[in-house]
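Reviewing the structure listed below.
The values are calculated or read from the model by the stated rules, or taken from the named source; none is laboratory data. Here the structure is a predicted model, which is why all the values come from computation and not from measurement. Virtual Cβ from ideal backbone geometry, glycine too; neighbours counted across all protein chains shown.
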Amino acid sequence: MNAEPQWFVWIESAAYYWSEYMPIKRERLKIMVKGLDHPGAIAIERSGNIWAGGEAGQLYRISPSGKKVEHMATAGGPVTCLALAPSGTWMAVGDRAGGLVRLDLATMEMKPIPEFSGVAGGACFFPDGRLLVTERSDPKKGRLLLFDLPDPMRELKVGPLADPCGLALNAECTSLFIACRLMPGILLLPVEMGIPTRAQPFVKMRNVLPEAIVMDHRSNLYIGCHSPTRIFKVAPDKWVTVHIEDLPMEVLSQPVGLAWTGKGFDFIIAANRGGHHLTSIDMRQVGLGTVNQR
């Protein structure tokens, strides 16, 4: 069998590099919703309804099209994280004033999650309903907390966490990734018998403040930053590239909340703390939704 011509191999390699590592065009970013109060957290229901948290504690429910915005409830302070339970019946809401509450989506009743104290930086659920929360009231002594309600809270001894924020589990729930602002970079925690273990550096970054983190079906990570206004892509081989950037900060402005949506999970919705809007991003990649979306 004849070997492929060298020019064909080069073109194929160049096409792969372009699709995997080059930034996406700004034309694929669109403002979806306006008039929000510096949204800093986002979660999306299986139905496509979007939840976003505002600077004064507002909890907005937004239709999948973005045309209908409702102010459904108010947290105790600026909303820092949102996570929908696997059942889709309630949502964990963290705020900068030190609250972590359970919001019933049928009644809009909020109840404090027992034993929590501090500032929640990020939250995500295991498929069995256990809740993981990063706590960052002391940025140099961040904590990882596990809630298996109604059992008592557990603080997991996973090593130093330098201002931990967003979390993401891989599809098999065997790896947990945490964005840490003071590192700055991403930590990897192997999950053994359902429990995250010792944290280890996955990638270290420079001159950035990473906060949000999501994953696609190819195990690429996408990191939304408070500063600069960029979304980085981190490949499984730890190659870091600027995937999305908006220098004028008009369409994208401090994207500290990210979530997958769309029929094929091929769009990311970004919450812009530096603006008053949500941004829809045509990723042209199949994303890994949160456990309530699977």
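Key figures for this structure:
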item	result
In the stretch 264-294, residue surrounded by the most Cβ atoms within 10 Å (Cβ to Cβ) [restricted to those that are touching a Ser or Thr at 6+ places or on another chain (Cβ under 9 Å) and of a type in the set (Gly, Ala, Ser)]	Ala271
Cβ-Cβ under 6 Å pairs, at least 6 apart or on other chains, the stretch 105-134 side under 21 Å from Gly77 (Cα atoms), far side basic (Lys, Arg)	Lys111/Arg102; Ile113/Arg102; Val119/Arg96; Val119/Arg136; Gly121/Arg136
Selected residue (criterion: farthest from Leu176 (Cα to Cα)) from residues of the stretch 127-138 that are touching a Gly at 6+ places or on another chain (Cβ under 9 Å) and of a type outside the set (S, T, N, Q)	Asp138
Residue within the stretch 169-177 that is charged (D, E, K, R) and in a loop (DSSP other than H, G, I, E, B) present	yes
Any hit, the stretch 139-154, residues being touching a Cys at 6+ places or on another chain (Cβ under 7 Å), charged (D, E, K, R) and buried (at least 17 other Cβ atoms within 10 Å of the Cβ)	no
Answer residue from the stretch 213-237, given it is in contact (Cβ under 8 Å) with a residue 60 or more places away in the chain and in a loop (DSSP other than H, G, I, E, B) and is surrounded by the most Cβ atoms within 10 Å (Cβ to Cβ) among those	Asn220
Qualifying residues in the stretch 64-102 (those that are small (Gly, Ala, Ser) and in a strand (DSSP E or B)) - the one nearest to Phe147 (Cα to Cα)	Ala92
Hits in the stretch 178-188 - residues which are without any contact (Cβ under 8 Å) to a residue 40 or more places away in the chain, outside any loop (DSSP other than H, G, I, E, B) and either within 16 Å of Gly129 (Cα to Cα) or of a type in the set (A, V, I, L, M, F, W, C) (or both)	Cys180, Leu187, Leu188
Filtered residues of the stretch 238-255 (kept if out of contact with any helix residue (DSSP H, G or I) (no Cβ under 6 Å at 6 or more places or on another chain) and in a strand (DSSP E or B))	Val240, Val242, His243, Ile244, Glu245, Pro255
Among (1) under 18 Å from Glu45 (Cβ atoms); (2) out of contact with any Lys or Arg (no Cβ under 7 Å at 6 or more places or on another chain); (3) of a type in the set (Gly, Ala, Ser); (4) touching a residue at least 40 places away in the same chain (Cβ under 8 Å) - the single one Ala92 does not satisfy	(2)
First in the stretch 61-88 and in contact (Cβ under 8 Å) with a residue 60 or more places away in the chain, second anywhere and among the hydroxyl-bearing types (Ser, Thr, Tyr), Cβ under 8 Å, 6 or more apart	Pro64/Ser47; Pro64/Thr261; Gly66/Ser280; Ala83/Thr290; Leu84/Thr290
Any pair with Cβ under 6 angstrom, 6 or more apart, that starts in the stretch 238-259 at a residue that is surrounded by 21 or more Cβ atoms within 10 Å (Cβ to Cβ) and at pLDDT 95 or above and ends at one that is acidic (Asp, Glu) and assigned to a strand (DSSP E or B)	Val256/Glu211
Members of the stretch 37-54 found to be touching a residue at least 60 places away in the same chain (Cβ under 8 Å) and not small (Gly, Ala, Ser), listed by number	Asp37, His38, Pro39, Ile42, Ile44, Glu45, Arg46, Ile50
Only one of Leu187, Leu209 that is crowded, with 22+ Cβ neighbours inside 10 Å, more than 22 Å from Gln293 (Cβ to Cβ) and of a type in the set (A, V, I, L, M)	Leu187
Residues of the stretch 50-63 satisfying the condition of being in contact with a strand residue (DSSP E or B) (Cβ under 7 Å, 6 or more places away or on another chain) and either outside any loop (DSSP other than H, G, I, E, B) or surrounded by fewer than 17 Cβ atoms within 10 Å (Cβ to Cβ) (or both)	Ile50, Trp51, Ala52, Gly53, Gln58, Leu59, Tyr60, Arg61, Ile62
Residue list for the stretch 111-143, restricted to those being among the aromatic types (Phe, Trp, Tyr) and either closer than 19 Å to Ile44 by Cβ or out of contact with any strand residue (DSSP E or B) (no Cβ under 8 Å at 6 or more places or on another chain) (or both)	Phe125, Phe126
